[in-house]
1. To test your reading of the geometry: what angle, between 0 and 90 degrees and rounded to tens, separates the Cα axis of helix D:139-152 from the longest principal axis of chain D?
2. Partner chain Cβ atoms within 10 Å, averaged over the residues of E:353-360 - can you pull that number for me?
3. Which of the trypsin sites (Lys or Arg not before Pro) found in segment C:133-228 are in a DSSP loop and have at most 14 neighbouring Cβ atoms, other than their own, within 10 Å?
4. Show log10 I(q)/I(0) for segment E:2-233 at q = 0.14 Å⁻¹, two decimals, from a solvent-free Debye sum over equal Cα scatterers.
5. If you take the accessible area of C alone, add that of D alone, and subtract the area of the pair, what total do you get in Å², probe 1.4 Å, to the nearest 100?
6. Can you give the accessible area buried between chains E and D, summed over both chains, with a 1.4 Å probe, in Å² to the nearest 100?
7. Considering only A:153, A:215, A:80, give the residue with the highest GNM mean-square fluctuation for chain A, with springs between Cα atoms whenever their separation is below 10 Å.
8. Rounded to the nearest 0.05, what FRET efficiency do residue D:119 and residue C:139 have when you use their Cβ-Cβ distance and R0 = 35 Å?
Amino acid sequence: QNLTVVAAASVRHAMQDIVASYQQQFPDDAIRIIFGASGGLTTQIINGAPFDLFFSADTALPQRLYDEGLTTGKPVVYAEGRLVLWSADLDASTLTLHDLTSPNIRRIAMAQPRTAPYGQRAQEALTNLGLWDVVEEKIVFGENISQAARMAEAGAAEIGLIALSLAVVPPLNDQPFQLIDRDLHAPLTQAFVITRRAASNPIAHRFADFIGTPEVTAILRQHGLHS
Amino acid sequence: MLSLSAAEWQAIGVTLKLCLYSTLILLVIATPLAWWLAQRRTKVRIIVQALVALPLVLPPTVLGFYLLLVLGPRGAIGSTLESIGLTHLAFSFTGILVASVIYSLPFAVQPLQEAFRQLGQRPTEVAAMLGAGPIDRFITVILPLTRGGFIIAATLSFAHTLGEFGVILMLGGSIPGETQVLSVLIYDHVESLNYAAAHRLSLLMLAFSFLTLFVVYSVNRRFEVSKL
Amino acid sequence: MLSLSAAEWQAIGVTLKLCLYSTLILLVIATPLAWWLAQRRTKVRIIVQALVALPLVLPPTVLGFYLLLVLGPRGAIGSTLESIGLTHLAFSFTGILVASVIYSLPFAVQPLQEAFRQLGQRPTEVAAMLGAGPIDRFITVILPLTRGGFIIAATLSFAHTLGEFGVILMLGGSIPGETQVLSVLIYDHVESLNYAAAHRLSLLMLAFSFLTLFVVYSVNRRFEVSKL
Amino acid sequence: MKLHVHTHLTRANFTLAVDCTLPLSGVTALFGRSGCGKTTLLRIISGLDPAANSRVAIEQTSGDITVWQDSRQFVPLHRRRIGMVFQEPSLLPHLSVRENLLFGFRRTPEAERHVTFDDAVNLLGITELVDRPVHALSGGQAQRVSLGRALLRNPQLLLLDEPLSALDTQTKREIMPFLSRLANDVDIPIILVTHAAEEVEQLADRVVFMHQGDIERIESLADAILRPDSPLFIDRGAASVLYGELGAVNAHGLQSFGNRDIQLWLQPTGVTQSPALQKQQKTRLRIMARDVSLALNPIPDVSIQNQLPATIDRIDSPEGGRVVVVCHLQDGQVILAEISPWAKAQLNLHVGQSIVVLVKAVALLN
Amino acid sequence: MKLHVHTHLTRANFTLAVDCTLPLSGVTALFGRSGCGKTTLLRIISGLDPAANSRVAIEQTSGDITVWQDSRQFVPLHRRRIGMVFQEPSLLPHLSVRENLLFGFRRTPEAERHVTFDDAVNLLGITELVDRPVHALSGGQAQRVSLGRALLRNPQLLLLDEPLSALDTQTKREIMPFLSRLANDVDIPIILVTHAAEEVEQLADRVVFMHQGDIERIESLADAILRPDSPLFIDRGAASVLYGELGAVNAHGLQSFGNRDIQLWLQPTGVTQSPALQKQQKTRLRIMARDVSLALNPIPDVSIQNQLPATIDRIDSPEGGRVVVVCHLQDGQVILAEISPWAKAQLNLHVGQSIVVLVKAVALLN
Ligand SMILES: Nc1ncnc2c1ncn2[C@@H]1O[C@H](COP(=O)(O)OP(=O)(O)OP(=O)(O)O)[C@@H](O)[C@H]1O
Ligand SMILES: Nc1ncnc2c1ncn2[C@@H]1O[C@H](COP(=O)(O)OP(=O)(O)OP(=O)(O)O)[C@@H](O)[C@H]1O
Ligand code: MOO
Ligand SMILES: [Mg+2]
Ligand SMILES: [Mg+2]
């Protein structure tokens, strides 16, 4: 028997390290990881996808699966993301959200609020600062947070409002970033669920248990996913 | 049921503009290219023909990414544009238009090329002997006789641009009123599990497309040339 | 540079299989369909022709979504399959094959339809008078004379299946060795900002496609029929 | 063998209404003005235009009837063993000349392959063309290949739509005897559409005259040639027809023709010697007015042996400077002579005058 | 007007080597066997096949030369004002008959529109076809529309590649005089490819004989007709040619021909009355052997006015039962007569014998 873990693209690097670490402890457990957009993965699970564990980029989607009775239990929060300002050309660490109004900044990349939690939170932060209406027309949207990161990385957008988890790994980690105050938006909590089909899969439960260990917490923190 | 939000109306506008423009541009570009390719095959022509089909081979998002690299401010084309005082093409309507054109080029070129090849020399010869110059010939003889090819090229290009969102998403940044097209909106609805909205927009798009295609094909039938 | 990972080799295998199968299936399905559509146009034919083009109009992911709804365990087709003891088609190779076929159908049908229409009656009449039955005629006369259309249909279908990932991603779930194709891998590499890997795979795919197309077009040239 | 065709086909400005039985032996010429429906009729016979309400059936000599088409059945074209040459060049463009020629041959049962590849190629003078692609042929070459292809199908019925129209006289002369042999010796009936009177004269056993979608009449070649108003000879001026019986061939190789009152000698030809004609009591000759001269008295010592006393009934002077003199022979039959106005003046010809008509033997039956 | 053509074109099995100057007035017939290069030559003249190393130029009567093609220039086809009828039916399939007809007309300067739509349509008998789509035409109808389209272009040069091949005799007879008028009265030179000797006789002012890619000779129609071995008349049996001078037309409408020793009377035709021939000292007549009879003595009171004393040189008996008698006239010229073997026996003909040859006037120059 083996385990199929699906995870939001935004936790890709952390999840790869977590699985590697898990396999050191349980080398006989065959695990494969598939990454995708949280929404898409949710749709797939609803429609019978053979996935055992789902690590979402938010809590709403796992909650929805739970509500539909497709999970073995309630969603479990495993991480909290943070937003950062990141730029390929500017020193983002010296900038604040208010600087986004500067005419030097022609384009701001962020995730699409309609689909991505990071996009929603970024919009909340900007709205709370009263900046949303001012900068809205400069904003370009990525379908997900990694696309937004790519836009910034390519220099096409002068600055990006992206996930901390992306700013700390290559190729973005050679540029400084500015953390966004977590009080400016609702928390970016991320939860996972065990799907119903994995109810009797011992590996699924073993892996779920492993998520709570300090090792994993360390890995997550390393990747900017403070929990 | 079809009460649409402002964003959706805006997206419809952008989408139609994008599809029309790119179809037109494609026909303008593809016609001479296909004509040239339809001549006696040489190695150069075969290479170009193979190159034309390549945009198809890359996943659209990836193609969009590469286009972003090239058309963005740091890319070869984008930086050249900037240096002559223009703006680069990322996140602009022009940018996604360029992208759509590149992406749909094979659908326009190949049917036209085959139509021209099938046409043969005789009608052109006849028209020339009857006093028609090159442009005259093209309009009065070649165009009507290869209309089937043009219809296919146009409908495939149009439909494909309508449905494409990967390239546009990456390069366009989904800016409402500028680069946010209907397909992106539908995609968003699906991603955010807002299925009702997705169904509504999909249905709208399918109905519109079906009607358009139905009208185009019906009109085309009326002008169809009987073959021996 | 081209040392590939096991996952990549696996994806190459799945991709080639998918492209070959879907191209073959497309040609088999599209040929009679296009033949039927190429006959004297009636309202029914125009409707079918417009329907054939519709898969293009939806964004691939959205199309994949609807296919998932239909082919998955809860869908009309999927549940029927399950009820007769088979497995539903979502997240299986068969599923993405079905999806690719549907998605690329217009690229196969339309060029063939035009090729058949351009062919006219005479060659078939001649062959029949010379004693060739329907299948014989198809193989010895229609096929060679519409080869251009077949080549276009096949190359567009192949290339399009090669590049498509939206439908496959949604319906297939990117399961290694089963539904994870190269385009999904490249997309994945780009998503994880692993550009080096993305570039490498993209280049590989482009080179392979270019070579394939070059060979196909070169061979096609040799058999090309001169038109008057 | 006989061919029954019944059809009623209506087009915007054209109606083809045919209900006839054609004897299918030798060559049947289909003759008629452009647009009268010849090609359409061939297409119905062949099954290419399976017009509704049509019946096409072949009656074998044994009396067996093979129905090709009626309201209940339709034999597919490829089962009919028909060879067809289309009016437009219709070679298969993706095949070489050789492959075109062999296309039907290969699909013919071996036992039926009477005409071989070499036969056809030699006959049609296309030996050097066999390895060419068909687009590298001239118009006449393409037509010959088309014909060869139809012949090599070794069909049970050959439908030829103006197969010789693009050929030069010499090539035609080489091909025509072969077609004739094919029809008469190999027994492949031929229906031939042509506008050329010479082709009809040299090939046909009977002629079907079509006019605006109708079959006006079906006649044996002899009858067709002999009718004074035959559309076949519309460009050859006036003609007259004499009735008589064919006699034996004399020591000098000439055959007698006539009755109690008149006698002519003519060069025997295939037609005059055909068993059918021999048996007939009465037969007819066609004499072009321009091959007839007039004399006041019989002329001795001249190579024109056919000299018949006659009486002038009328003298016409159509335009063009020629005079047509209408006379009757001793048995009352009418003969026309075309002479110059000067001759008329010199001989002082007038109605009621007794004269002698001189007919060059060579003009008879041709 | 003259046409200079120089070309050397090589294909796998065919070489066209032409270097000639064609007088461009009236009708020039291009005559030659299938595959000899007629179509190819027309295509080079028209510019459709812009073969390398070719030179095509028009020399106006004024001496001005318009170069259509040489190593340095190439006048595009649509600027040449050439009317062309292709050998294959080549109507534009997306246009109606009317639109096909008017395609070139509309592109012709108004001042040049000598042939009008109604002219062409009436002449060609296609009034009822003008509103049809072209696929609803029969073969001959399509050919007529093609011809009409070329005429309506009102070109400076008409190139016709077998334009009448699919037409019935009557239609041909209606069209030919028009072409003749076009060439001679409206002054549109015509180059006409044809395999039909009658078309050449009735239309052509000169004949270009081609053979395997070469121009063998360019002759006036008179010369072409008169050559005993002319390829034009390969199917009409032996013939002889007489030299002489054309005289005046007498009161009876006949024209004299001959010299001191011999005199014949013939029906005047366009050819005999052409100013060119009138000026010529010597001209020639062609006489088919089968139009010549023999008599032992001059015959009075006969409508055959041309009676010339002659002496038998030779008596040939070719196959087919006919006898050809070779005689010489008083001035030494040779004339052939075709008679029956019986006549030969009856007249007891032998070499050296003095006889009289009878020539029906109608046989002359036709
Ligand atoms: N594309 C080609 N390639 C090679 N040879 C060719 C090509 N077209 C024609 N030929 C050859 O060139 C020669 C001349 O052809 P052309 O068409 O000029 O003949 P033509 O005199 O018009 O004959 P026809 O009376 O049969 O139409 C022929 O022997 C023909 O086979
Ligand atoms: N598809 C069509 N639709 C309408 N009328 C047609 C069609 N095809 C032919 N006709 C008409 O039918 C008549 C008969 O045509 P057909 O081709 O049988 O003539 P044909 O006797 O072969 O003449 P030709 O000697 O010119 O080839 C013509 O008047 C023609 O105009
Ligand atoms: O699951 Mo996402 O791609 O981080 O929205
Ligand atoms: Mg016809
Ligand atoms: Mg020719």
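The values are calculated or read from the model by the stated rules, or taken from the named source; none is laboratory data. In this text the structure is predicted, and so the values were computed from the model without any measurement. FYI the Cβ positions are ideal-geometry reconstructions off the backbone, even for glycines, and counts take in every protein chain you see. Each accessible area value is taken on the protein alone, full model and side chains, heavy atoms only, with ligands, DNA and RNA left out. Shrake-Rupley method; radii C 1.70, N 1.55, O 1.52, S 1.80 Å.
1. 70 degrees
2. Values: counts 0, 0, 3, 2, 1, 7, 0, 10.
Taking the mean over all residues of the peptide, I get 3.
3. Details: sites: C:137, C:147, C:200, C:221, C:222, C:227; in loops: C:227.
Here the trypsin sites (Lys or Arg not before Pro) that fit, given the DSSP loop and packing criteria, are C:227.
4. Normalising to I(0) and taking log10 leaves -0.90.
5. In total, this chain pair buries about 1800 Å².
6. Working: alone 17930 and 17890 Å², together 30570 Å².
Summed over both sides, the interface buries about 5200 Å².
7. Comparing A:153, A:215, A:80 in the GNM, the peak value goes to A:215.
8. Once rounded, the FRET efficiency stands at 0.80.
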